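Input: a single structure, listed below in structure tokens.
Each reported figure results from applying straightforward, stated rules to the coordinates on display, with no laboratory input. All figures in this text were calculated on a predicted structure; none of them were measured in a lab. For neighbour counting, all protein chains shown are included, and Cβ atoms are generated from backbone atoms with ideal geometry for every residue, glycine included.
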Amino acid sequence: MNEEPELSAAEMIERLEPALSPGRRARAVVALVAGLGGALFTTGLWWTEPGPLPGRTHLVFGLLTVICLAWAGYGGWLVTRRVPLFASDRVAAAWIALAACLSTSAAVAVIAGQRGSGLGVSLVVGGLLVVVALTLLVRAHARRAALLRRKRELTGEV
Amino acid sequence: MTDELLVVRAQLGERAALAELVERWRLPVWTYVRRMLDAERADDVSQEVWLAVVRSLPRLREPGRFAPWLFTIARRSVTDRLRAEYARAAEQAHDPGPDVAVAEDAIEAMTDRAELVAVLSGLPVLEREVLVLFYLEELSVAECAQICQVPAGTVKSRLNRARRLLREHMEGYPR
């Protein structure tokens with residue numbers, strides 16, 4: 001059989017470009033992080049609102065939270081199923097997640113402190129998210145370090 | 001440069017290493033797919049295979065076992081395609097249209113359409129698959145077993161049966 005594939009290696013790589021595009025990976029990470037951060041921020045505002053709220057305001061807060069969670073779900077689906085995150089991407093993504101968690105948690109805690117309600121809950125939830133982001137960061141660094149170590153072993157570098 | 005080093009570099013995010021992996025394994029993957037499907041589908045399914053490889057590569061835990069992992073993905077893509085063909089053919093079989101007679105067995109029908117691989121196409125899919133993996137892709141029995149998700153003994157029995165069928169086919173083949 002003297003057949004040849006229709007696509008050359010270069011053409012095949014070209015077809016894979018959309019999946020490998022840095023912009024697409026960045027968008028997936030941003031959707032996940034911004035969605036989660038937005039959901040946390042909106043929920044924080046909602047919980048710490050002083051006094052009773054009209055039904056319409058509850059509805060708007062609920063809708064905003066659902067929209068943010070939908071973006072987070074979409075970003076999570078992209079990151080886990082559609083867009084490959086290589087070791088260096090994971091490190092960058094984990095730093096972005098940590099920065100987003102820290103800033104959102106701080107903002108929610110400041111607002112809760114000013115309003116004088118829900119400070120404890122916002123600190124606990126924010127703290128948990130920061131711990132999760134830190135864990136992801138440590139794991140991403142460890143994975144990259146393990147791969148770099150293996151690369152050195154295989155190339156004979158010390 | 002070994003496959004393992006290329007995989008490790010690709011997992012780190014080096015695009016050149018990924019391109020070299022594609023360059024190195026493009027033909028073996030296409031050959032495997034082509035022996036299981038016809039030419040038109042082979043190109044299409046090969047692309048699907050490489051897309052799945054790129055998406056899953058960061059999660060590959062044993063870079064040293066790239067080849068069996070790659071062919072597991074290729075096999076899954078081929079199986080999905082055959083299953084879709086089979087489902088479509090089964091639907092047509094229930095439909096009293098003109099295609100009833102040819103839609104009895106989609107997999108066999110696909111085998112028949114793979115006319116360029118004259119000898120291999122005469123074998124059933126399972127036997128053809130182990131022949132392709134073992135002899136053409138030069139994978140071990142253990143690797144074939146991992147890819148086909150069956151015990152090594154089953155791979156050996158399929159190989160024996162494939163060899164017997166191949167021999168019978170060759171004897172009856174016009175020279």
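Taking a ≥ b ≥ c as the square roots of the eigenvalues of the Cα gyration tensor of the stretch A:11-83, is the shape rounded (a/c under 1.5), prolate (a/b larger than b/c) or oblate? In terms of gyration-tensor shape, prolate. Note on the protein assembly as shown: Cα-only Rg and Dmax are 26.6, 93 Å. Enter the mean number of other protein chain beta carbons within 10 Å of the beta carbon of each residue in B:45-56, as an integer. Across B:45-56, the average partner-chain Cβ count within 10 Å equals 4. Counting neighbouring Cβ atoms within 10 Å and putting the fewest first, the residues B:L123, B:L70, B:L27, A:L119 line up as B:L27, A:L119, B:L123, B:L70.
Loop-located GluC sites (Glu not before Pro) in the stretch B:117-157 (DSSP state other than H, G, I, E, B) with a sparse environment of at most 10 neighbouring Cβ atoms within 10 Å: B:E138.
Need one number for chain A: average projected area of the convex hull over its C-alpha atoms, nm².
14.5
Working note: Karplus 6.51/-1.76/1.60 with θ = phi - 60° gives the stretch B:15-30 the couplings 5, 4, 5, 5, 4, 5, 4, 4, 4, 6, 9, 4, 5, x, 5, 4 Hz, where Gly and Pro are set to x. Ranked by how many other Cβ atoms sit within 10 Å of their own Cβ, fewest first, the residues A:I67, A:I111, B:I147 fall in the order A:I67, A:I111, B:I147.
Calculated mean residue ellipticity at 222 nm for the protein assembly as shown: -25500 deg cm²/dmol, from DSSP H runs with n ≥ 4 weighted as -39500 (n - 2.57), summed, divided by the residue count and rounded to 500. With no solvent and one equal point scatterer placed on each C-alpha of the stretch B:1-86, evaluate the Debye formula and give log10 I(q)/I(0) for q = 0.20 Å⁻¹, two decimals. Each listed q corresponds, in turn, to -0.87.
Give me B:M1, B:M36, A:M12 sorted ascending by neighbouring Cβ count inside 10 Å, so fewest comes first. Before the final figure, lay out the partial values.
Numbers: B:M1 11, B:M36 28, A:M12 22.
Ascending Cβ contact count within 10 Å gives the list B:M1, A:M12, B:M36.
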